[in-house]
Amino acid sequence: MDDTIGPVVSTEWLQKNLDNPSVFVLDIRKVEDYKEGHIPGALSLTYAAWRTMENNLSCQLPYKDELSDTICSSGINADTYVVIVGNTDTERQLTNATRVAWTLKYAGVKRPAILDGGYKKWLSKNYPVTTDWVKRPKSNYKCKWNENVIANKEHVRARLGTAVIVDTRPERLYKGEASDPMLKRKGHIPGAVNLPYSLVFKKDGTFENTEKLKSLASKAVGDARNREIIVLCCNGQFASSWWFALSEMLCYRDVKIYDGSMEEWCRDEKAPLVESTGDK
């Protein structure tokens, strides 16, 4: 596989490379969607297989043994070029794909990619679809856990004032002008900058162009590619949009997701919060 192929692939590229044995198409839509039609050769492994609830938090990484079983049973190896295909009708569906990409990276899969525009874009091009159920031989991959892509509450607290904390929620939630039923308190972590997840995508479900993402990132986190960046949202899912943009598309080298995100932070009455437009 050409190392110049990036983390976002077009439908045209995928159509030309469907028969490439190095390309692994992973369909994360619901099983009923997959049964109605999917890209030839795509393996069905729904988004639900890539997340779990732990400590009453709504979106957490699966246990390592469970995630390892999922990856091995699917046939994925560390060097597999996994192209993730999802639905793109809602922001939640869009971040399903980026969250799975992050989870694969955590498990040591080197180059997860996302099909730009997802299955809807594939259909719009009148490219082939099938209803055949795909099975792949298991792999013997031993996951090499990449702890550098994840942050817990203690790490975030310890890095306040040092790391760049990026709050990817909508501005009204960030400022504390609105509340979310998932969260026990309002506001944002002191010093956090606001970079809403919606800015990563265009209205048609494709990624925003790289130059615009670069400009947004530069204003929010600067241009130093080695500085630690911790992204968060309400529960850790939507933050994956900016993790993917910053880490995979823009090549910032130290980007983590705070997996518990504000759902966990706001439960701790001792964890500081501020309300306002500015950093404090």
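FYI, it's all coordinate maths here, none of it is from the lab. Keep in mind the model is a prediction, meaning the values are calculated, not measured. Every residue, glycine among them, receives a Cβ derived from its backbone with ideal geometry; neighbour counts consider all protein chains shown.
Going down the table (K214/K256; K142/K270; K153/K186; K30/K212), which pairs top 29 Å between alpha carbons?
Working: K214/K256 18 Å; K142/K270 39 Å; K153/K186 17 Å; K30/K212 32 Å.
In this structure, K142/K270; K30/K212 exceed 29 Å between Cα atoms.
Name the long-range amide H neighbours of F207: under 5 Å, sequence gap of 5 or more, or other chain; modelled H, no Pro or chain starts.
Under 5 Å from the amide H of F207: G117, K202.
Can you pull out the GluC sites (Glu not before Pro) in the stretch 111-194 whose DSSP state is coil and whose Cβ has at most 16 other Cβ atoms within 10 Å? Provide the component values of the computation, followed by the final result.
Values: sites: E147, E154, E171, E177; in loops: E177.
In loop regions of the stretch 111-194 (DSSP not H, G, I, E or B), the sparsely surrounded GluC sites (Glu not before Pro) are E177.
With a ≥ b ≥ c taken as the square roots of the eigenvalues of the C-alpha gyration tensor of the stretch 33-79, please select rounded if a/c is under 1.5 and otherwise prolate if a/b is larger than b/c or oblate if it is not? Before the final figure, lay out each step's value.
On the way: a/c = 3.56, a/b = 1.47, b/c = 2.42.
In terms of gyration-tensor shape, oblate.
Hey, can you grab everything whose amide H is under 5 Å from the amide H of I165? Only 5+ residues off in sequence or another chain; H modelled, so Pro and N-termini drop out.
Distant-sequence amide H within range of I165: V193, I230.
Looking at the square roots a ≥ b ≥ c of the eigenvalues of the Cα gyration tensor of the stretch 147-265, which shape do they give, rounded for a/c under 1.5, prolate if a/b is larger than b/c, or oblate? Don't skip to the answer; put the middle values down first.
Values: a/c = 1.70, a/b = 1.18, b/c = 1.44.
It comes out oblate by the Cα gyration axes.
Alpha carbon centre of the stretch 1-76 versus the stretch 207-255: separation in Å?
The stretch 1-76 and the stretch 207-255 have Cα centres spaced 22 Å from each other.
Sorting L123, L104, L45, L232 on the 10 Å Cβ count, fewest up front, what's the list?
Values: L123 14, L104 25, L45 21, L232 30.
Listing L123, L104, L45, L232 from fewest to most nearby Cβ atoms yields L123, L45, L104, L232.
Can you compute the helix-only [θ] at 222 nm over the chain? Use -39500 (n - 2.57) per DSSP H run of at least 4 residues, normalise by all residues, nearest 500 deg cm²/dmol.
Roughly -7500 deg cm²/dmol at 222 nm, from the helical runs in the chain.
One-quarter of the Cα convex hull surface for the stretch 71-184, in nm²? The partial results should precede the final answer.
Details: hull surface 42.9 nm².
With the hull built on Cα positions only, its mean projection is 10.7 nm².
Do me a favour and compute the ellipsoid semi-axes for the chain from its Cα gyration tensor, root of five times each eigenvalue, largest one first, whole Å.
Details: eigenvalues 204, 76, 63 Å².
Working through the eigenvalues yields semi-axes of 32, 19, 18 Å.
Using θ = phi - 60° and the Karplus curve 6.51 cos²θ - 1.76 cosθ + 1.60, what whole-Hz ³J(HN,Hα) does each residue of the stretch 104-110 get, with Gly and Pro shown as x?
Karplus-based 3J(HN,Hα) across the stretch 104-110 equals 5, 5, 4, 7, x, 6, 6 Hz.
Name the lysines eligible as straight-distance cross-link partners of K125: C-alpha to C-alpha under 16 Å, and not fewer than 8 places from it in the same chain.
Excluding near neighbours in sequence, the set is K16.
Return W122, W50, W102 ranked ascending by Cβ neighbour count within 10 Å, so the fewest neighbours appear first. Before the final figure, lay out the partial values.
Working: W122 21, W50 24, W102 31.
Sorted ascending by nearby Cβ count, the order is W122, W50, W102.
Can you tell me what share of the DSSP beta bridges in the chain is antiparallel? A percent to the nearest 5 is fine.
Numbers: 5 of 27 bridges.
Roughly 20 percent of the DSSP beta bridges within the chain come out antiparallel.
Express in whole angstrom the spacing between the alpha-carbon centres of the stretch 143-159 and the stretch 169-202.
Result: 21 Å between the Cα centres.
Once R0 is set to 22 Å, what does the formula 1/(1 + (r/R0)^6) return for the Cβ-Cβ distance between K125 and R92, expressed as a FRET efficiency to the nearest 0.05? Don't jump to the answer; show the numbers that get you there.
On the way: r = 24 Å, r/R0 = 1.10.
My answer for the efficiency is 0.35.
For the stretch 8-124, place one equal point scatterer on every Cα, skip the solvent, and apply the Debye formula. What is log10 of I(q)/I(0) at q = 0.09, 0.15, 0.23 Å⁻¹?
-0.22, -0.62, -1.47
Please list, in order along the stretch 196-203, the HN-Hα scalar couplings obtained from phi with the Karplus expression 6.51 cos²θ - 1.76 cosθ + 1.60 (θ = phi - 60°), rounded to whole Hz, x for Gly and Pro.
Computed from phi, the couplings for the stretch 196-203 are x, 4, 4, 6, 6, 10, 8, 5 Hz.
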